[in-house]
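Participant: Sharing a structure here in structure tokens format.
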Amino acid sequence: MKNLLLHTCCGPCFIYPHSLLKERYNVTSFYFNPNIHPSMEYVRRVEALAGYCKGAGVDLRVGDYKPEEYFRQVAGTESDRCRICYSIRLKEAAEFAAEKGYDLFSTTLSVSPYQKHDLIEMIGTEAGNKCSVEFKYWDFRPGFRSGQDRAKELEMYRQPYCGCVFSEMERYSRKLKKAVDGVVDREHEFGTTG
């Protein structure tokens, strides 16, 4: 059986891919996500994944959490943030897989219908080629809902946004505007407070 390093964005997204792959591969979950903000969100996600991995008998490896590297690379190029984010994470997964002797690597990012799958496949393949380790793209989207449902049954933490501060702002922009409009008297507003 081949050894597969599965880059994992979160526990709920790991459930379905793991259920498909565990009969054919020795799967190791690799949690490396410097894009996740704030840090307590990062902690909630890694704790949920660790609990699942422990119960399922899955080996879990956790990369360093260095959000400053993510912010440095994304600053000023927010419109291209997904490509940059995929590159950071899949490059690290490829390097880890090559260094530790895995036969191939993949990512749970491809379970989400909200991600850019063509970009994930292209960046993963490039990262694998640079590190001389095979990247295998699987389209796990058909199992997205079943994985989320299983996470709910397990009472696993399920996050409401992809992880980066930009997606969080987009997700809550209407709520934020409504909240601010509800407390701010625009007619008497002279400037911002400091």
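The values are calculated or read from the model by the stated rules, or taken from the named source; none is laboratory data. Keep in mind it's a predicted model, so treat the numbers as computed, not measured. Ideal geometry is used to build each Cβ from the backbone, glycine not excepted, and the neighbour counts take in all protein chains shown.
Participant: Are any residues in segment 1-48 in a strand (DSSP E or B) and not aromatic (Phe, Trp, Tyr), and if so, which ones?
Facilitator: From segment 1-48, those in a strand (DSSP E or B) are 2-7, 25-31; that's our starting set.
Those that are in a strand (DSSP E or B) and not aromatic (Phe, Trp, Tyr): 2, 3, 4, 5, 6, 7, 26, 27, 28, 29.
Participant: I would also like to ask the following. Can you tell me how many residues within segment 71-88 are surrounded by 14 or more Cβ atoms within 10 Å (Cβ to Cβ) and either within 21 Å of residue 112 (Cα to Cα) or under 13 Å from the mean Cα position of the chain (by Cα) (or both)? Walk me through how you get there before you give the answer.
Facilitator: Residues of segment 71-88 surrounded by 14 or more Cβ atoms within 10 Å (Cβ to Cβ): 71, 73-74, 81-88.
After this cut, where a residue has to be either within 21 Å of residue 112 (Cα to Cα) or under 13 Å from the mean Cα position of the chain (by Cα) (or both) as well, the list is 81-88.
So the answer is 8.
Participant: A follow-up question, please. Which members of segment 92-132 meet the condition of being in contact (Cβ under 8 Å) with a residue 40 or more places away in the chain and among the charged types (D, E, K, R)?
Facilitator: 92, 100, 103
Participant: Something else: Of the conditions (1) assigned to a helix (DSSP H, G or I); (2) touching a helix residue (DSSP H, G or I) at 6+ places or on another chain (Cβ under 8 Å); (3) farther than 21 Å from residue 46 by Cβ; (4) modelled with pLDDT under 95, residue 113 clears all except one; give me its number.
Facilitator: (1)
Participant: Of (1) among the aromatic types (Phe, Trp, Tyr); (2) within 16 Å of the chain's Cα centre (by Cα); (3) in a helix (DSSP H, G or I); (4) modelled with pLDDT of 95 or more, residue 105 satisfies all except one. Which?
Facilitator: The number of the failed condition is (3).
Participant: Residue 126 - would you say it is at pLDDT 95 or above and either under 23 Å from residue 50 (Cα atoms) or in a loop (DSSP other than H, G, I, E, B) (or both)? Write out each step before concluding.
Facilitator: Values: at pLDDT 95 or above: yes; either under 23 Å from residue 50 (Cα atoms) or in a loop (DSSP other than H, G, I, E, B) (or both): no.
When the stated conditions are applied, residue 126 does not pass them.
Participant: Looking at segment 22-48, I want the residues that are among the charged types (D, E, K, R) and have a partner that is in a helix (DSSP H, G or I) and surrounded by 18 or more Cβ atoms within 10 Å (Cβ to Cβ) with Cβ atoms under 9 Å, at least 6 apart or on another chain. Which pairs are those?
Facilitator: What qualifies is 41/168; 45/11; 47/11.
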